[in-house]
Amino acid sequence: MKHRGRHRRRRRGRALRAFLSGTALALTAAATMISVSQATVTDDGPGALKPLTATADTGKLRLTENLVPQASLDRLTAGMGRPVGVGAVLAGADRTLRDAIDCSPAERRALPVSPVATRAYCWNTDDTAGWQPGAVTTSGDADDDGAWGANRVILSGWSRSGGPAADRGLARVGFVNAGDLNHLSYTWALLAVPVADGRDYRGLVSHVSGMVWYQDKLLVTADDGDRTALYVYDMNRVQRATVVGDAVGRVPGGWSAHGYRFVLPAIGSYELSGDSDAPHPATVSLDRSTVPDSLVAGEWTLDDGDQDARLWRYPFSTSPGHAGLLAAGATGRVAASEAYETKVTGVRGVLSYGSQWYVTRAAGPRDEHGTLWRQTAGRTHGEADRKADRARAAECGTDDTHSCWSTQTESLSYWAETGEVWTQSGRVLFALPLASIDRTSE
């Protein structure tokens, strides 16, 4: 029986790969017009990244670390009960993602034309209606062996876009059991922030456009109106809700998490330290090719704006007792270790690995698809250097347009152990090899 089941999964896997290849061909046939918004860059693209080295530029990128006092965390734990781990959350996964073959034609149109997605799944409509998809991170970010304990996991961020006014902006994370890529099951956990010295919590109100799971910490972008840039969650401090209801926080009889069984209370945050024009990190990803590992960040820009987007990185700490946190100095300040500007407009997701930076551009108002640009830091002399500075992107359609990428991918997560990049657009979660991105953008 085990062999027969394995053979069925292999046949289904081959069928899905053939189906995805056919979908890509159909999308290629549709990608025949160069969008108006492509005119925002030259034929050679946005060129190389421009390094930022002046203190006036890099100083704006500083963050200040603020950790929730241990006494507050202990008080919350005492009230809610002993935290559970990721394995316990996955054990409660009672929903199943649809395979690409079961996605609707409209959903499949969110997939890239080139390079071709090699894995694709769709979220269920009944529990995502009124929610806006955001960032993706995986256990491949958390640990370089690709697993968290015995589990392989994908985390998917969402924020409430519909429903009652009191619910707008609430943030949640889908815990996806990725142990069997032919059958992805999931459940939800609400993101929260402790208040009243740990006697209660409120829901995080933010669009989860960036998210990185590094070691035992989950860093999530924040846009809830103050100077908070990132919230920090401890993956070993997932709490169980004890009351099923729409409320968030302490209620008569226990604790509620907007109807979900699990809630993650933040253990800290990073605030902007720079001037009022300091950029919010709207998208983040992990880069394990640096020493130490680093958090890559980028700001979003308008589709047809004239402001260059800033891309930068923060080193992760290597200090004892600071696992999964950024490298903060004695005063709690975190400085960017590298910063650039890109001429790509409509920036959404950013990824860095080795000497390459990958920047996604959202589809414009008249676009069917977005663009993924591959850039390097600029050089200074010689014809060969100028050619090397040229940005690269896949070409598709009869007019060789660069609008070949997904409609809007807000984050990119590189699973180094498998060589795959994971992301999502709309209700579609998909993956493809990083090597295929490089190959199609040569």
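The values are calculated or read from the model by the stated rules, or taken from the named source; none is laboratory data. These numbers were taken from a predicted model, which means no experiment stands behind them. Cβ sites come from the backbone with ideal geometry, for glycine too, and all protein chains shown count toward neighbours. Just the protein is used for accessible areas: all its heavy atoms, side chains included, with ligands, DNA and RNA removed. Shrake-Rupley method; radii C 1.70, N 1.55, O 1.52, S 1.80 Å.
Below, the figures for the structure above:
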quantity	calculated
The stretch 312-352 - residue that is of a type in the set (K, R) and touching a residue at least 40 places away in the same chain (Cβ under 8 Å) and, of those, surrounded by the fewest Cβ atoms within 10 Å (Cβ to Cβ)	R333
Condition check for S319: polar (S, T, N, Q) and touching a strand residue (DSSP E or B) at 6+ places or on another chain (Cβ under 6 Å)	no
Residue satisfying condition, being charged (D, E, K, R) and in contact with a Lys or Arg (Cβ under 7 Å, 6 or more places away or on another chain), within set R82, R119, R75, R98	R75
Matching residues, the stretch 393-413, being outside any loop (DSSP other than H, G, I, E, B) and surrounded by 24 or more Cβ atoms within 10 Å (Cβ to Cβ)	C396, W405, S413
In the stretch 299-317, residue nearest to R374 (Cα to Cα) [restricted to those that are at pLDDT below 90 and either of a type in the set (S, T, N, Q) or outside any loop (DSSP other than H, G, I, E, B) (or both)]	T301
Residue within the stretch 60-80 that is touching a residue at least 60 places away in the same chain (Cβ under 8 Å), assigned to a loop (DSSP other than H, G, I, E, B) and over 30 Å from A335 (Cβ atoms) present	no
Residue among R152, R172 that is open to solvent by 30 Å² or more (accessible area, probe 1.4 Å) and basic (K, R)	R152
Subset of the stretch 404-430 [small (G, A, S) and in contact with a helix residue (DSSP H, G or I) (Cβ under 8 Å, 6 or more places away or on another chain)]	S413, A416, G419, G426
Residues of the stretch 421-441 that turn out to be open to solvent by less than 20 Å² (accessible area, probe 1.4 Å) and under 16 Å from the mean Cα position of the chain (by Cα), as a count	11
Complete set of residues in the stretch 262-296 that are farther than 28 Å from A166 by Cβ and either open to solvent by 20 Å² or more (accessible area, probe 1.4 Å) or acidic (D, E) (or both)	S273, D275, S276, D277, D287, R288, S289, T290, V291, P292, D293
Among the candidates A135, A165, residue that is among the aliphatic types (A, V, I, L, M) and within 23 Å of T283 (Cα to Cα)	A135
Scope the stretch 91-114; condition surrounded by fewer than 17 Cβ atoms within 10 Å (Cβ to Cβ) and in a strand (DSSP E or B); matching residues	R95, T96
In the stretch 43-90, the residues that are modelled with pLDDT of 95 or more, acidic (D, E) and surrounded by 12 or more Cβ atoms within 10 Å (Cβ to Cβ)	E65
Residues located in the stretch 124-141, provided they are surrounded by 18 or more Cβ atoms within 10 Å (Cβ to Cβ), farther than 16 Å from V421 by Cβ and either hydrophobic (A, V, I, L, M, F, W, C) or free of Cβ contacts under 8 Å to residues at least 24 places away in the same chain (or both)	W131
Residue pairs meeting the criteria (Cβ under 8 Å; at least 6 apart or on separate chains; first touching a residue at least 60 places away in the same chain (Cβ under 8 Å), in the stretch 299-311; second charged (D, E, K, R) and assigned to a strand (DSSP E or B))	W300/R348; D308/K50; D308/E341; R310/E341; L311/E341
Filtered residues of the stretch 204-228 (kept if at pLDDT below 95 and closer than 16 Å to Y314 by Cβ)	A222, T228
Flag for E410 being over 15 Å from A120 (Cα atoms) and of a type in the set (D, E, K, R)	yes
Where T331 falls short, out of the listed (1) under 18 Å from L67 (Cβ atoms); (2) in a strand (DSSP E or B); (3) among the hydroxyl-bearing types (S, T, Y)	(2)
Search result, residues across the stretch 273-298 that are of a type in the set (A, V, I, L, M, F, W, C) and either over 20 Å from the mean Cα position of the chain (by Cα) or not in a strand (DSSP E or B) (or both)	A278, A282, V291
Those strands (runs of 3 or more DSSP E) lying entirely in the stretch 190-261 with at least 1 residues surrounded by 21 or more Cβ atoms within 10 Å (Cβ to Cβ) and of a type in the set (F, W, Y)	200-203, 211-214, 228-234, 254-257
